[in-house]
Amino acid sequence: MQVKSVDILGIETSCDETAAAVVADGKIIKSSVIASQNKLHEKYGGVVPEIASRAHIEQIYPVIAEAIEQAGVSKDDIDAIAVANQPGLTIALVVGVTAAKTLALAWDKPLIAINHLHAHLQSAMLAEENLQLPAVALIVSGGHTCLYECLSPLELELLGFTIDDAAGEAFDKVAGILKLPYPGGPAIEEAAKKGNPNAIKFPRSMLGRDSLDFSFSGIKTAVLYYCRGQDMKGENKVDSMSEQEIADIAASFQAAVIDVLVKKTQRAAEKIGAETVLLGGGVAANNQLRTRLQQMCDSAVPQKKLLVAPKQYCTDNAVMVASLAYYKFKAKLFADLTLEPKASG
Ligand code: KG4
Ligand code: ZN
């Protein structure tokens, strides 16, 4: 007799994507629906929490209904409802959490609470059949930059995090300074293709020899001073810069951020004797970062295996939520209807 797969409905509303997905046995993606709000936040150059929350409220039920329809399952086939309840914008998270609790109650299904950052990591493990642990995991997103020691999908020890801006936030802010479109990461990556990464020596903040923490506010300020002068009283040179000058700034900035990310990941991997390096989060979509981490893993002694989230699952999605929830389902780690959103993770 064929054993029925464990089908989990995942829900994600932590920031500016409303997403739902059905994943079987943690690996088989039956559906993935994402309603992006990029267009709504574009003109503000960043996510506006109230606008995000309102858009989630409008989108959440159509997105869930579409995910279930695309998966070709009925509510009876769903074994559990999983939701990212932390970290993120509370007024955004609450929309997903409320929807998940409502469905869990109405359909009489177990509820599973998922940490959004841990879920990002899961995206990197999705396709791997033979995961060698321990792994060091770098999560680089718009709101977070973290290094974890990963002993299993559910056992994650935080090794380091950003003390100020997240890597993605720095990309977004520097794109704003350079008057490039939002979201800044892809725009900087595109502009940097034609630029010289050695044109400008922006600072690499290492925070001491052994530190695994990150700081990206200094480099963002360095770009600002470069464009406006040290006292910020100079004219904004960006408007009169050539495309080449903008490309050089973008490439030099990107190279500096990546140098720091790669160096710290290398330090962490050496410290814990990692067999594998996992990369996830929105900034993991960056090709330069992927290439440089691959080079680091190839040249390490002994070599390490790099596992990177597929591009469509680097930025926020619900596949990662439903996938990680499978391990919690097996371990019977369920939440109850008192589940609340939490801003910090
Ligand atoms: O993980 P994510 O979708 O949302 C959060 O959890 O924050 O990450 C979004 C971030 C944004 O800051 C965006 O600029 C950045 O990921 N990003 C990139 C690239 N694509 C998205 N950063 C650098 N290069 C990219 N190609
Ligand atoms: Zn995220």
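Quick note: the coordinates plus some simple rules give every number you see, no bench work behind them. Here the structure is a predicted model, which is why all the values come from computation and not from measurement. For neighbour counting, all protein chains shown are included, and Cβ atoms are generated from backbone atoms with ideal geometry for every residue, glycine included.
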Three-way shape call for the stretch 284-345 based on the alpha-carbon gyration tensor, with the a/c threshold at 1.5: prolate
Degrees separating the helix 287-299 axis from the principal Cα axis of the chain, which is the longest one: 90
Bins of 10 Å from zero: percent of alpha-carbon pairs in the chain: 6, 26, 31, 23, 11, 3, 0, 0
Cleavage-rule hits (trypsin sites (Lys or Arg not before Pro)) in the stretch 270-337: DSSP loop, at most 15 neighbouring Cβ within 10 angstrom: LYS332
Theoretical ellipticity at 222 nm over the chain - DSSP helices of four or more residues, -39500 (n - 2.57) apiece, nearest 500: -13500 deg cm²/dmol
On Cα atoms only, tilt of 167-177 relative to the major axis of the chain in degrees: 50
Label-point gap, in nm, between ASP76 and VAL238 - each point 7 angstrom along Cα→Cβ: 5.7
GluC sites (Glu not before Pro) within the stretch 92-194, DSSP loop, no more than 11 other Cβ atoms inside 10 Å: GLU129
Set of lysines near LYS304 by C-alpha distance (under 20 Å), chain-local residues within fewer than 8 positions excluded: LYS263, LYS264, LYS271
Cα pair count fraction exceeding 20 Å, expressed as % - the stretch 215-345: 64
Alpha-carbon centroid distance for the pair the stretch 34-89 / the stretch 278-342, whole angstrom: 19
The stretch 1-159: translational diffusion in µm²/s, Stokes-Einstein, Kirkwood Rh over Cα pairs, 25 °C, 0.890 mPa s: 149
Low-density loop cleavage sites - trypsin sites (Lys or Arg not before Pro) in the stretch 149-254, where at most 10 other Cβ are within 10 Å (DSSP): LYS201, ARG209, LYS233
Distance histogram in 10 Å bins (all Cα pairs of the stretch 99-166, percent per bin): 18, 40, 26, 16, 1
For ILE51, ILE8, ILE200, ILE60, order by how many other beta-carbon atoms lie within 10 Å, fewest first: ILE51, ILE200, ILE60, ILE8
Gyration tensor verdict on the stretch 59-147 (Cα atoms; rounded if a/c is under 1.5, prolate if a/b is larger than b/c, oblate otherwise): oblate
Between helix 116-125 and the chain: long-axis angle, C-alpha atoms, 0 to 90°, nearest 10: 90
Residue pairs, from the table LYS39/LYS193; LYS75/LYS101; LYS101/LYS311, whose Cα atoms sit over 21 Å apart: LYS39/LYS193; LYS101/LYS311
Relative contact order (percent, whole number), the stretch 112-160, Cα cutoff 8 Å, 6+ residue spacing: 27
Cα gyration tensor shape of the stretch 115-257, rounded if a/c is under 1.5, else prolate or oblate by comparing a/b with b/c: prolate
